[in-house]
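Take a look at the structure set out below.
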Ligand code: NAD
C-alpha cells in the first residue's frame, strides 16, 4: 500500500506521531488509495517555523513573478487534468465529468491569479496639502492557514491558495481527511512549477489534531476556512479571541424557485443537476424546491419520473449519474433526516433508502430522495442535510416564494425560473443570498466572480474574483512630503500655505 507524507520544511516527511490513517474509495471501501499521515500540533509547529522563513523570502519576490509561477501551475494542471480527475473520483466519489470540472476551476483560478500578479491595485489620490503625495498599496500579511472541506478537493484549495500566494503570503494547507490524495497532487504541482519549497507546507490529519492547532497558532495571522457552520463557529471563536483575519465559507440550504410561467423542461434539468449533482454534497446544492401552485403537480410528476431513472454507481464508470456519499457518517446523517422528514409528516415520493442493486453494497450509496408537502417549519426545510434529499414546498405567489427562500438561517445561493423579466429583477433585489441565478440552477460559480453567502453561510468575505485579493493582503498607506517644511494635516490646509 502506498504511504504518503507531509510536506514540511522543504521536504516530504513522516508525521511526528508515526501514525497514519487509511484513505478508502467511497464507491468501494475495499479499494484503499493509500495511507496518509495522522499529524498533530508538533507537525503544525514545524510547518509554521518553516513557513515563516518561506514568507520572508516570498514577500520580496515581485508580484508579477509570483504570478508567473501560478501560470506554470495552471499549465501543469492542464497537462495532468485527466489523472487528477481520476484520483479525485477515486477518493471522493463524484463522477468524472464533475471532477474534471473541479480541476478546470483550479486551472481558471490559476490563470486569473497569474494575471492578478500584474494588478494588485492600490490608489493614488491627491493630498490635501501641497507638494505631497498620498497613496495606498497592498502588502502581504504572513503565514496563511488554509482549512478545506472534502467536496471540492481541488477547486476550493486553489481558491484560497492561489490568491494567498500571489499576494505574497506563505501557506499551510490542511486538506479534508477524506480527500488527502488530491491535496498532495496539488502540492506536487506547485513545487514542480518552481514555488520555493518553504512557501508551501502540507499537513495531513484530523480537524482536532491539525486544524485546531493551526487556528490557535499565534504565528498564523490569517485563516481561511470552508466547511460546516458548526466547525466554522469554533474557528471563528478562536480567531476572534486572537484578533486574526478570518474568512469563513460555511453551510447552505439553497432553493430553486419555479414559477407558473417557467420553461418547465429547462427548470427540470436545473433541478436534477442542482439537487443530485455531487450527490447533493455541494455547498450550493439545491435542497429546497419551491413550486408555484399552478405547475406544482405537473412538475413534480416530471421530476419523480426522471429521478427514478437516475443511475447510481462508481463515478469512474460511464453512465453513472450519482456517486456515493463521502463516508458512512454522511450516509447516516441522510438516513436520520429521512426519518425526521417522515416523522414531521412530509410525503416521501421516491428514494429514502440504500439501493438494493448488486455491486453497490461496498460503497456509501443512497437513492436520490424527494419529499413533497414539506412545510417551511419542517426540519428538512431549514436544516442542511448535505446529501441527495430534496424538499418540495408549494407556494401561491412569487412573493411567498421569496419569503420562503429567505426564511432559513443560511444565504448562499438561490435560483429562479420564470419568463417574466420584472419578476427576475425583483428576485435579484429581494432574495437574501450571495448568489442568485435566473433560469439556471443554484450551482455554477465562475472563478472570476466573488463567491460566498450571507447570514450564517459566511462572515462577509468572498472567495474567487477580485475581492479575495483584498482578504489576502493588508492595505498600507504611504505619504511622501516633498515640500521641505512641516505641513500639518487638517491645520495647514488654507489657501496660500506654504509654497
Ligand atoms: P467540516 O466542517 O466537517 O470540515 C471542514 C474542515 O475543517 C476539514 O478539513 C476538517 O478536518 C476541519 N476541521 C474540523 N474540525 C476542526 C476544528 N475544530 N478546527 C479546525 N478545523 C477543523 O466540513 P466538511 O464535512 O468537510 O464539508 C461540508 C460542509 O462544508 C458543508 O456544511 C458545506 O455546506 C460546507 N461548504 C461550504 C462551502 C462554501 O463556500 N460556503 C463550500 C464547500 C463546502
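The values are calculated or read from the model by the stated rules, or taken from the named source; none is laboratory data. Small disclaimer: the values here were computed from a predicted structure and weren't measured. Cβ placement follows ideal geometry from the backbone for every residue including glycine, while neighbour counts extend to all protein chains displayed.
Residues are listed down the side, and each one gets a yes or a no for (1) more than 26 Å from the chain's Cα centre (by Cα); (2) in a loop (DSSP other than H, G, I, E, B); (3) modelled with pLDDT of 95 or more; (4) surrounded by fewer than 17 Cβ atoms within 10 Å (Cβ to Cβ):
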{"site": "17", "(1), (2), (3), (4)": "yes, yes, yes, yes"}
{"site": "36", "(1), (2), (3), (4)": "no, no, yes, no"}
{"site": "39", "(1), (2), (3), (4)": "no, yes, yes, no"}
{"site": "47", "(1), (2), (3), (4)": "no, no, yes, no"}
{"site": "65", "(1), (2), (3), (4)": "yes, no, yes, yes"}
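Limited to region 446-461, what total is found for residues that are surrounded by 20 or more Cβ atoms within 10 Å (Cβ to Cβ) and either within 26 Å of residue 399 (Cα to Cα) or out of contact with any helix residue (DSSP H, G or I) (no Cβ under 6 Å at 6 or more places or on another chain) (or both)?
6
Would you kindly identify the strands (runs of 3 or more DSSP E) lying entirely within region 230-326 that contain at least 3 residues that are within 11 Å of the ligand (Cβ to nearest atom) and surrounded by 19 or more Cβ atoms within 10 Å (Cβ to Cβ)?
Answer list for region 230-326: 245-249.
Every residue in region 192-208 that is more than 9 Å from the ligand (Cβ to nearest atom) and out of contact with any strand residue (DSSP E or B) (no Cβ under 8 Å at 6 or more places or on another chain), please.
Answer for region 192-208, where residues must be more than 9 Å from the ligand (Cβ to nearest atom) and out of contact with any strand residue (DSSP E or B) (no Cβ under 8 Å at 6 or more places or on another chain): 192, 193, 194, 195, 196.
Of all residues in region 191-211, how many are more than 25 Å from residue 451 (Cα to Cα) and in a helix (DSSP H, G or I)?
Matching residues across region 191-211 total 8.
Exactly one of these conditions fails for residue 92: (1) more than 22 Å from residue 248 (Cα to Cα); (2) touching a strand residue (DSSP E or B) at 6+ places or on another chain (Cβ under 7 Å). Give me its number.
All conditions are met except number (2).
Could you check region 210-219 and list, in sequence order, the residues that are more than 9 Å from the ligand (Cβ to nearest atom) and either without any contact (Cβ under 8 Å) to a residue 60 or more places away in the chain or within 11 Å of residue 174 (Cβ to Cβ) (or both)?
If the condition is that a residue be more than 9 Å from the ligand (Cβ to nearest atom) and either without any contact (Cβ under 8 Å) to a residue 60 or more places away in the chain or within 11 Å of residue 174 (Cβ to Cβ) (or both), then 218 is the only one that fits.
For the list (1) free of Cβ contacts under 8 Å to residues at least 60 places away in the same chain; (2) within 16 Å of the ligand (Cβ to nearest atom); (3) crowded, with 24+ Cβ neighbours inside 10 Å, I need the number of the one condition that residue 113 fails.
(2)
Could you list all residues from region 409-435 that are crowded, with 20+ Cβ neighbours inside 10 Å and under 25 Å from residue 465 (Cβ atoms)?
Matches in region 409-435: 410, 411, 412, 413, 414, 415, 416, 427, 431, 433, 434, 435.
With the structure loaded, tell me whether residue 362 is surrounded by 15 or more Cβ atoms within 10 Å (Cβ to Cβ), modelled with pLDDT of 95 or more, over 19 Å from residue 288 (Cβ atoms) and under 29 Å from the mean Cα position of the chain (by Cα) or whether it fails that test.
yes
In region 136-184, how many are part of a loop (DSSP other than H, G, I, E, B) and farther than 21 Å from residue 26 by Cα?
The total comes to 6.
Would you check if there is a residue in region 483-499 being surrounded by 12 or more Cβ atoms within 10 Å (Cβ to Cβ), within 35 Å of the chain's Cα centre (by Cα) and more than 17 Å from residue 285 (Cα to Cα)?
Within region 483-499, not a single residue is surrounded by 12 or more Cβ atoms within 10 Å (Cβ to Cβ), within 35 Å of the chain's Cα centre (by Cα) and more than 17 Å from residue 285 (Cα to Cα).
Could you check region 141-184 and list, in sequence order, the residues that are away from the ligand (no atom under 12 Å from the Cβ) and either surrounded by fewer than 24 Cβ atoms within 10 Å (Cβ to Cβ) or under 12 Å from residue 88 (Cβ atoms) (or both)?
Within region 141-184, 141, 142, 154, 181, 182, 184 meet the criteria.
I'd like to verify a number: residues in region 220-229 that are part of a strand (DSSP E or B) and either within 10 Å of the ligand (Cβ to nearest atom) or touching a helix residue (DSSP H, G or I) at 6+ places or on another chain (Cβ under 6 Å) (or both), how many?
Matching residues across region 220-229 total 4.
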